Amino acid sequence: MTVSVTTSGSGMSAQRVSRIKAVGGLLRHPAIAFGVMISAAWLVVVLTVHWWAPYDPYESVGERLRSPNGDHWFGTDALGRDVFTRVLYGARQSLPISVAVIACALLIGGLLGAVAGYFGKRVDTVVMRLVDVTMAFPPILLAMAVAAALGPGLRNGFIAMVVVWWPIYARLLRAQVMAMKHKEHVEAAVSIGATRSRILRRHVLPLSFTGVMVNATVDLGQVVLLTASLSFLGLGALPPAPEWGAMITEGAKNFYQWWIALAPGLAMVTVVLGINFLGDGLRDVLDVKVASK
């Protein structure tokens, strides 16, 4: 009994050590390390900004259209609100909704694509024709059309972006499942009488998600930009919400007060840069191909 427990404990210890080494190996990749550093910094901002932000993002705190200075690092806007504070709070608008868009698109598209790829025939035909129709439109135009039909607002913008993104994951996971369902371990499961749903759930899907997750990481930066684009056009977040695209719209109205648009623009650059570095690093390490829109 003692020997058995010791062996089991050492086995679990070896597994933990191997996982730690794997994580350490990923972080030694320069692109992944840089991407994790930037993404982690913005995650901290999203979770903690309400505790340490210098001002209220909705309240006038100083002179209108004041240039950057020691009290207001990115100046003030047309209503006297601190631009630096609004940029920080803008991360709480743009980043969570972008993650939610990717999660919902992955859930909807992944489920439909997996079912289409595994069962084939009429199911595959129906799902893929729906994917083809959706992807026939340029993503930004389709998102604008859906958002305009539903009305302005962050919730409707969220729905529009899910409509744009789910076909990517349906097509990608369908291809992964079709390649995986002919592997030896799947045929072995069929030979012992496993049901089709169990085979799909336990033997196909877990091995089909590597490329999908890398693609989701890369797409996250694009969703951040699309969120800001819809708000810039008046189809996303509505004033006075501190959202990056809406802030850039305000900066366009006050063209000579360059700091109003520059601050949220720099924030988006850092977020998208960090996410792209992370996604590209994961793609290089895992050696997968990322689907393009």
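The values are calculated or read from the model by the stated rules, or taken from the named source; none is laboratory data. Here the structure is a predicted model, which means the values were calculated and not measured. Here the Cβ positions follow ideal geometry from the backbone for every residue, glycine too, while neighbour counts run over all protein chains shown. Heads up: the accessible areas ignore ligands, DNA and RNA and are worked out on the full protein's heavy atoms, side chains in. Shrake-Rupley method; radii C 1.70, N 1.55, O 1.52, S 1.80 Å.
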Does VAL61 fit the bill of being within 30 Å of ILE168 (Cβ to Cβ), in contact (Cβ under 8 Å) with a residue 12 or more places away in the chain and either β-branched (Val, Ile, Thr) or in a loop (DSSP other than H, G, I, E, B) (or both)? no
Counting only residues that are over 18 Å from THR217 (Cα atoms) and assigned to a helix (DSSP H, G or I), region 88-120 contains a total of 14
Every listed condition ((1) over 26 Å from ALA33 (Cα atoms); (2) buried (at least 20 other Cβ atoms within 10 Å of the Cβ)) holds for SER208 save (1)
Filtering region 64-77 down to residues that are touching a residue at least 40 places away in the same chain (Cβ under 8 Å) and open to solvent by 20 Å² or more (accessible area, probe 1.4 Å) yields LEU65, SER67, PRO68, PHE74
Residues (assigned to a loop (DSSP other than H, G, I, E, B), surrounded by 14 or more Cβ atoms within 10 Å (Cβ to Cβ) and among the small types (Gly, Ala, Ser)) located in region 145-159: GLY153
Cβ pairs under 7 Å, 6+ apart or interchain, first in region 173-200 and in contact (Cβ under 8 Å) with a residue 24 or more places away in the chain and at negative phi, second of a type in the set (Ser, Thr, Tyr) and surrounded by 13 or more Cβ atoms within 10 Å (Cβ to Cβ), ordered by first then second residue, are LEU173/SER208; GLN176/SER208; VAL177/TYR118; VAL177/SER208; MET180/SER208; LYS181/TYR118; LEU200/TYR118
Looking for something open to solvent by less than 40 Å² (accessible area, probe 1.4 Å) and under 29 Å from the mean Cα position of the chain (by Cα) - is there at least one such residue anywhere in region 53-62? yes
Please determine whether any residue of region 79-87 is open to solvent by 60 Å² or more (accessible area, probe 1.4 Å), within 18 Å of MET247 (Cα to Cα) and outside any helix (DSSP H, G or I). yes
Please work out which one of (1) surrounded by fewer than 19 Cβ atoms within 10 Å (Cβ to Cβ); (2) within 23 Å of LEU107 (Cβ to Cβ) is the condition VAL162 fails and give its number. (1)
Could you check how many residues of region 41-80 are touching a strand residue (DSSP E or B) at 6+ places or on another chain (Cβ under 9 Å) and of a type in the set (S, T, N, Q)? 3
Residue match in region 128-144 (condition: of a type outside the set (Val, Ile, Thr), modelled with pLDDT of 90 or more, part of a helix (DSSP H, G or I) and surrounded by 23 or more Cβ atoms within 10 Å (Cβ to Cβ)): yes
